[in-house]
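Encoded as structure tokens, the structure appears first; notes follow it.
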Amino acid sequence: MSRSCNERGDEVAPSTQPTITNSTASQGSCYSSFRHSGEPLRQCREGVTIKIIDKFLGWFSVDMGIDLGTCNTLVCVRGEGIVLNEPSVVAVRKGTNKVLLNGTAVGWAAKEMLGKTPGTISAIRPMKDGVISDFEVTEAMLAYFIRKVTGRSRLFAPRVVIAVPSGITAVERKAVFQSATRAGARRVYLIEEPMAAAMGAGLPVGEATASMIVDVGGGTTDVAIISLGGMVTCESLRVAGDEFDEAIMSHMKKAHGLTIGEQTAERIKIEVGSAAPLEKELTMDVRGRDTVSGLPRKTVVTSDEIRECLLAPVGKIVDAVLRTLENAEAELSADLVDNGILMAGGGAMLRGLGRVIEERTGLAVRLADDPLTCVARGTAIYLENLEDWKATMETDVDDG
């Protein structure tokens, strides 16, 4: 899913300001009445007061940045780093959506139940393709994670910065905002994932030089060129780690007559998956259910065949990188010859993916240090410098 960005990278959308009449006299009259009514001063005082109160409350609250991912949720607290890294999975009772274990069957406790639950229980992922697919369950999951990080004894609710894919719609952004608010956040700000990833990876996003980030997550891949604190050109597509897993599950069924689950597909991807030929090809024993007999069975897979089944999703990611480069201005392209491309996200760790992009683009490609946590660390940096970044990035959502 591609979109148009202005010079700061903000998505161009219809204005939400009130319609202004074309009558010059009417405009002058309205402005004069507003200017002499004392309303501007009142609004200014209210704005300053709110900022002072919010800053004061921040001294006593555990403000946090959240990478709300399709596969995993990471929480980063100011001054403490990553304090939570758990699967975005919730175990609920079917029919009621009540979270099991008194509301604590979330994260690791719920992931252990994936594919193993009886008919009355469901272990579900409330996020799909980087956006909320189940509002109620997402709210419960966020509430659990926020409570786990802040503790029940905290007097003031936290300010929360949440990273979202760059291509989500206004409705999807509002769903994230409302879920976090109802989960217990005092104020909620949204930052786009490629910007957060670039900040967390230490790229000079505020400087007058182009930086390119390819963030391959679980549900989405975000590609962006960043300069002067904004995304100059960007593309978001709903192809990432989850689609790698789905391709592997489909291959196992067609080529081996074996049905496997999500967790097994993920293990195959991690242990033998690759996007480019390896110096020494790998093999792995895989266990699953025979599609004909229905009985348990074991087979052997190779990195060769897994690479073959990943060609389609890998190709889509490479094409998105090429399109983003083609949309860049000449001066930005010149910067990228020296700066290259940085990759982040769990999906970027697929063997050989960077090499494939390097061969297709002719640019140097490197993997960020600790690519799994770049987005979460970026949200914490944004939170630490909230007022500075709000002046250049319209990432906070109006809570009015």
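Taken together, the values in this text are just the output of simple stated rules run on the coordinates, not laboratory data. Being a predicted model, the structure only gives us computed values, none of them experimental.
For R159, nonlocal amide neighbours, meaning residues 5 or more places apart or on other chains whose placed amide H falls under 5 Å from its own, are D63, M64, R186, R187. Using 0.36 nm per residue and subtracting the Cα-Cα separation, the extra length available between A208 and E80 on full extension is 43.0 nm.
Between D338 and W108, full extension at 0.36 nm per residue minus the direct alpha carbon distance yields a gain of 78.6 nm. Backbone phi angles across the stretch 78-94, fed through the Karplus curve with coefficients 6.51, -1.76 and 1.60 (θ = phi - 60°), yield HN-Hα couplings of 3, x, 10, x, 6, 10, 8, 8, 9, x, 7, 9, 9, 9, 10, 7, 4 Hz in residue order; Gly and Pro are listed as x. Where Rh is the Kirkwood radius over the Cα pairs of the stretch 123-272, the temperature 4 °C and the viscosity 1.567 mPa s, what D in µm²/s does Stokes-Einstein return? Result for D is 74 µm²/s. Residues whose amide H comes within less than 5 Å of that of V89, counting only those at least five positions distant or on another chain, are G107 (H built at 1.01 Å from N in the peptide plane). Restricting the calculation to Cα atoms, every distinct pair contributes to the Kirkwood radius of the stretch 72-170, found to be 14.5 Å.
Legend: translational diffusion of the stretch 241-311 by Stokes-Einstein, Rh = Kirkwood radius over C-alpha pairs, 20 °C, 1.002 mPa s; D = 179 µm²/s.
Note: relative contact order over the stretch 241-311, using C-alpha pairs below 8 Å and six or more positions apart, is 34 percent. Cα-based values for the stretch 274-400, radius of gyration first and Dmax second, are 20.5, 63 Å.
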